[in-house]
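The values are calculated or read from the model by the stated rules, or taken from the named source; none is laboratory data. On a predicted model such as this, the values are computed, not experimentally measured, just so you know. Neighbour counts run over all protein chains shown; Cβ positions are idealised from the backbone, glycine included. Just so you know, the surface numbers come from the protein's heavy atoms only, side chains and all, with ligands and any DNA or RNA stripped out. Shrake-Rupley method; radii C 1.70, N 1.55, O 1.52, S 1.80 Å.
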Amino acid sequence: MRIQTSRRTGLLAACAVLPLAACGSSAPLAADGAVAHYDGAAEAVFDVLSDGDDQWSLAEETRKVTDSGGTCEYTAGTWTPEASLPAVDSTGWQERLDALNPVLTEHGFEEASRTTQDGSREVLETRDEHGATLQITEQGQVRIWGAEVDADPCDPAELGLG
């Protein structure tokens, strides 16, 4: 019995110091601020990735509000640059990470220490305390999905969307 208590205490202590997303729970974001919050995060990422004239466009059909087993989730969508970013090697990715991390943390996302493979492409992925995942592909596509929002009912109008 004592061992189980110690394990549970250790797990609770670990969750206290780790970001909420790492422990499997998230805090919902107020519905009325969700769109502005994630659009602001995306815009900040574009500013870091851009060389000045680059533009990203949102695929409107990728912006969704869904009920996922009683949890209202917001997908901010997928933005694609007009022109793909220049290809980079591991050194170039590290430079991108170094430039992106302050912006990511400013918008509530965890710092990224490395990229991962997603199929045949290299991507940067990070999560925030609301359960959202932000992914950046090597070509510059930015996708944000899975944010838990406090919306009742769980529909786009609650977030101020059409």
What spacing in nm lies between the two simple spin-label points modelled at V48 and D118, each 7 Å away from Cα in the Cβ direction?
-> 1.5 nm
Round to a whole number: what % of the accessible area of region 29-148 belongs to carbon and sulfur, probe 1.4 Å?
-> 42 percent
Between E106 and D152, what is the spin-label point distance in nm, taking each point 7 Å from the Cα along the Cα→C-beta axis?
-> 3.5 nm
So the FRET efficiency between S68 and E95, C-beta based with R0 = 45 Å and rounded to 0.05, is 0.80
Can you tell me the accessible area per residue over region 39-108, all protein chains present, probe 1.4 angstrom, in square angstrom?
-> 54 Å²
